[in-house]
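The values are calculated or read from the model by the stated rules, or taken from the named source; none is laboratory data. Keep in mind that this is a model prediction, so the values were computed, not measured. All Cβ positions, glycine included, derive from the backbone under ideal geometry; neighbour counts span all protein chains shown.
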Amino acid sequence: MTSTPSVRVRNGPVPPRRTEPGPLGRPLLLVNLKTYPNALGPGAERIARTLEELGRGAGVPVAIAPATPDISRIAQATGIAVLAQHVDAVAPGQQTGFVPPEAVAAAGGRGSLVNHSEHPLSPAETREVASRLDRLGLVAVVCARDLPACRRLARTRPPYLAIEPPDLIGGGRSVSTARPEIVSGAVRAVSVLAPTTSVLCGAGVHTRRDVAKALELGAQGILVASAVTRAPSPRDAISELLSGF
């Protein structure tokens, strides 16, 4: 196998967004519920139902990543794609406390976040998990903390790659407006290394302006968490985000 040449992303125009459907749709709004108290159990289901309703009304593909115990509940209660927040690079069997990809599939999940900055994996584990998800027909949303990680992880050619600088996660500044060069750089790198991979923009995205700017920079979707889960009204927060698509 020949090695992939390094990619220079500083110069040149941002490629236009691809519009062909991805496995979860494009452009995608993916909401990570994390484990906020109001987004567990019944709260998770309420947010998922709201996301489904508003996404359908806006004509925007949506997906949700609840805490692991809520995957089956939401998969049964809604028709939207439900992803795990993390899976482990283990096979089913004597694996107490681990989450093999097969467990997500059995619960009705469609895939998983991989290598989120709050639950990082080694490069080898990231490749193995993404490969195992693919073999099971599940969707990997691989997370990258910066451009070097983005270039490295793009070589696994996941369906989705989310660029999320950790210092902006949960804050009030969106990466698309505070550091637009990171988003455009990720789009350029991925367009060369993995043309079928969709780039998602995460970290600090809260407003329709943040969303619109990310899409303008070439992203094909948004990954958010606290913008919805910590909002006084998750419904209003979701509506605000969807209005930027």
Select, from Ala237, Ala189, Ala194, Ala130, the only residue that is small (Gly, Ala, Ser) and either modelled with pLDDT under 95 or touching a Cys at 6+ places or on another chain (Cβ under 6 Å) (or both).
Ala189
Long-range neighbours under 9 Å by Cβ, at least six apart or interchain, first residue in contact (Cβ under 8 Å) with a residue 12 or more places away in the chain within segment 23-36, second of a type in the set (D, E, K, R) and assigned to a loop (DSSP other than H, G, I, E, B):
Pro23/Arg110; Leu24/Arg110; Arg26/Arg17; Arg26/Arg18; Arg26/Glu20; Pro27/Arg17; Lys34/Glu118; Tyr36/Arg230
Quick one: would you say Gly111 is under 19 Å from Val82 (Cβ atoms), of a type outside the set (A, V, I, L, M) and surrounded by fewer than 22 Cβ atoms within 10 Å (Cβ to Cβ)?
no
What do you reckon, is Val104 in contact with a Phe, Trp or Tyr (Cβ under 9 Å, 6 or more places away or on another chain) and among the hydrophobic types (A, V, I, L, M, F, W, C)?
no
Those residues of segment 119-142 which are crowded, with 24+ Cβ neighbours inside 10 Å, within 16 Å of Leu24 (Cα to Cα) and touching a Leu at 6+ places or on another chain (Cβ under 8 Å) amount to Ala140, Val141, Val142
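Taking the residues in segment 51-87 that are more than 17 Å from the chain's Cα centre (by Cα) and of a type in the set (Asp, Glu) as candidates, determine which candidate is nearest to Leu200 (Cα to Cα). Walk me through it before giving the result.
Within segment 51-87, the first condition is being more than 17 Å from the chain's Cα centre (by Cα), and the residues that meet it are 53-54, 56-59, 69-70, 72-79.
Applying the additional criterion that residues be of a type in the set (Asp, Glu) yields 53, 70.
Values: Glu53: 22, Asp70: 24 Å.
Checked segment 51-87; the qualifying residue nearest to Leu200 (Cα to Cα) is Glu53.
Can you work out which of the residues in segment 71-115 that are part of a loop (DSSP other than H, G, I, E, B) and touching a residue at least 40 places away in the same chain (Cβ under 8 Å) is nearest to Pro23 (Cα to Cα)? Full working, then the answer.
Initial filter on segment 71-115 (part of a loop (DSSP other than H, G, I, E, B)): 78-80, 85-100, 107-110, 115.
Still in the running and touching a residue at least 40 places away in the same chain (Cβ under 8 Å): 85, 87-89, 110.
Details: Gln85: 17, Val87: 19, Asp88: 22, Ala89: 22, Arg110: 9 Å.
Going through the qualifying residues, I end up with Arg110.
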Scan segment 53-70 residue by residue and report those that are within 19 Å of Pro232 (Cα to Cα) and either charged (D, E, K, R) or in contact (Cβ under 8 Å) with a residue 60 or more places away in the chain (or both).
Glu53, Leu54
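Of these, Ile163, Ile182, Ile169, which one is at pLDDT below 95 and touching a Cys at 6+ places or on another chain (Cβ under 6 Å)? Write out each step before concluding.
Working: Ile182 fails: touching a Cys at 6+ places or on another chain (Cβ under 6 Å); Ile169 fails: touching a Cys at 6+ places or on another chain (Cβ under 6 Å).
The conditions single out Ile163.
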Restricting attention to segment 220-231, report how many residues are in contact with a helix residue (DSSP H, G or I) (Cβ under 6 Å, 6 or more places away or on another chain) and of a type in the set (A, V, I, L, M, F, W, C).
4
Tell me which residues, restricted to segment 216-234, are assigned to a helix (DSSP H, G or I) and modelled with pLDDT of 95 or more.
Val228, Thr229, Pro234
